[in-house]
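First the structure, in the form of structure tokens, and then the observations on it.
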Amino acid sequence: MADVSTKYMGIPLKNPLIVGACSLTSNMDAIRKIEEKGAGALVIKSLFEEQVAYQRYAHDEDLELYDNWHAEMTTIFPKAEHAGPEEHLMWTQRAKESVSIPVIASLNAMNTQTWADWAVKLAETGVDGLELNFFALPDDLEADGQALENQQIEAVKAVKKAVKIPVSVKLSPMYTSPVSFMKKLEAAGVDGLVLFNRFFHPAINIDTQVSSYPFNLTSSADHNLPLRFVSMLHGKIKPSLCASNGIHTSKEAVEMLLAGADVFQVVSTLYLNKIGQINTILDGITQWMDSKGYASLDDFKGTLSEAKNPAASTYKRAQYVRMLLRSNDYVSRPSLI
Ligand SMILES: Cc1cc2nc3c(=O)[nH]c(=O)nc-3n(C[C@H](O)[C@H](O)[C@H](O)COP(=O)(O)O)c2cc1C
């Protein structure tokens with residue numbers, strides 16, 4: 001049978017499937033099942049700076065303000081119990097001790113010092129790696145993009161200086177030039193890139209005229225954006241590439257590997273199809289490899305990346321132009337007009 005073992009940021013994994021940060025990874029029964037169903041590694045749900053701040057101010061006069069913060073956090077991830085930071089550290093250590101697969105902690109902070117301080121505390125729990133969750137939505141009309149990027153690079157440098165374990169960044173695609181920003185992350189010493197973080201977006205109910213913040217899982221259509229970036233980056237950047245978003249079946253997983261991902265993360269598919277889906281995806285990958293005669297992941301990883309197909313690149317502007325010109329044909333469909 002095909003060998004699906006691999007490495008992520010230097011960490012040996014028995015296969016490339018990582019369960020991404022979510023509330024499943026903050027539950028003991030769920031993490032045991034994640035291991036039993038064969039995952040290569042798992043990421044603990046993020047520790048948020050708001051949790052740290054909430055605890056710090058919990059007994060202050062400002063309690064009301066932080067109540068709102070807390071309410072917002074539970075709306076963003078409604079099923080997640082937002083314990084205080086000390087409980088989070090204890091849980092992370094317990095999780096690490098309870099499973100034999102690699103465990104990665106996740107941190108979402110705002111200030112450089114908080115990033116570094118809590119990175120150290122998370123590393124002390126014994127985790128194998130740290131994922132920096134760069135989920136931020138700049139809403140200051142005066143804030144300059146370059147300054148925001150510099151802040152994030154400073155945070156990465158501070159964390160890399162503070163801890164010895166490998167560090168990945170889970171980022172959004174919303175930079176002026178995401179690939180050049182990733183190059184800067186590489187220079188700052190990042191060991192892995194998780195492409196991409198998921199934004200939860202607001203919605204408006206037009207009957208009640210009330211806005212809300214619904215909790216949406218992804219669909220497999222969401223995998224095309226990270227697929228493009230993985231393909232563009234494979235072979236051109238040192239950090240390991242971890243694909244994330246919309247990987248629901250072995251089909252999307254194999255596509256990501258062909259494009260050049262070293263590993264991939266799954267979350268929504270486990271909520272939709274239960275944790276047993278891990279096993280289904282892994283079986284699908286090995287069956288596909290057997291059917292194509294591939295003995296290991298290296299036999300086909302990145303064979304459809306841009307670097308390996310510079311002439312026939314699917315990822316360039318020419319394809320965009322060709323596709324939109326071809327769309328003129330749709331106008332001639334009798335049923336359309
Ligand atoms: C219930 C839930 C909780 C999540 N919590 C976190 C989190 O704490 N930190 C984080 O970086 N991402 C979190 N995410 C985002 C996922 O890790 C992942 O990036 C996203 O769901 C896209 O992957 P998918 O298409 O496999 O779902 C959460 C997602 C869900 C559905």
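The values are calculated or read from the model by the stated rules, or taken from the named source; none is laboratory data. Worth saying up front: this structure is predicted, and the values here are computed from it rather than measured. Note that we place each Cβ from the backbone using ideal geometry, even for glycine, and neighbour counts take in every protein chain shown.
What to note about this one:
- Among the residues of the range 129-151, those that are within 15 Å of the ligand (Cβ to nearest atom) and of a type outside the set (A, V, I, L, M, F, W, C) comprise Gly129, Glu131, Asn133.
- Any hit, the range 237-248, residues being within 23 Å of Gly129 (Cβ to Cβ), more than 16 Å from the ligand (Cβ to nearest atom), of a type in the set (Lys, Arg) and modelled with pLDDT of 95 or more: yes
- In the range 230-288, the residues that are in contact (Cβ under 8 Å) with a residue 60 or more places away in the chain, assigned to a strand (DSSP E or B) and not aromatic (Phe, Trp, Tyr): Ser240, Cys242, Val263, Gln265, Val266
- Filtering the range 14-41 to residues that are buried (at least 21 other Cβ atoms within 10 Å of the Cβ) and either in a strand (DSSP E or B) or within 11 Å of the ligand (Cβ to nearest atom) (or both) leaves Leu17, Ile18, Val19, Gly20, Ala21, Cys22, Leu24, Thr25, Ser26, Ala41.
- Within the range 91-117, tally of residues that are assigned to a helix (DSSP H, G or I) and either in contact with a helix residue (DSSP H, G or I) (Cβ under 7 Å, 6 or more places away or on another chain) or aliphatic (A, V, I, L, M) (or both): 8
- So Val263, is it within 10 Å of the ligand (Cβ to nearest atom) and either surrounded by fewer than 24 Cβ atoms within 10 Å (Cβ to Cβ) or under 15 Å from the mean Cα position of the chain (by Cα) (or both): no
- Some residue of the range 128-141 being crowded, with 17+ Cβ neighbours inside 10 Å, modelled with pLDDT of 95 or more and either touching an Asp or Glu at 6+ places or on another chain (Cβ under 7 Å) or more than 27 Å from Leu217 (Cα to Cα) (or both): yes
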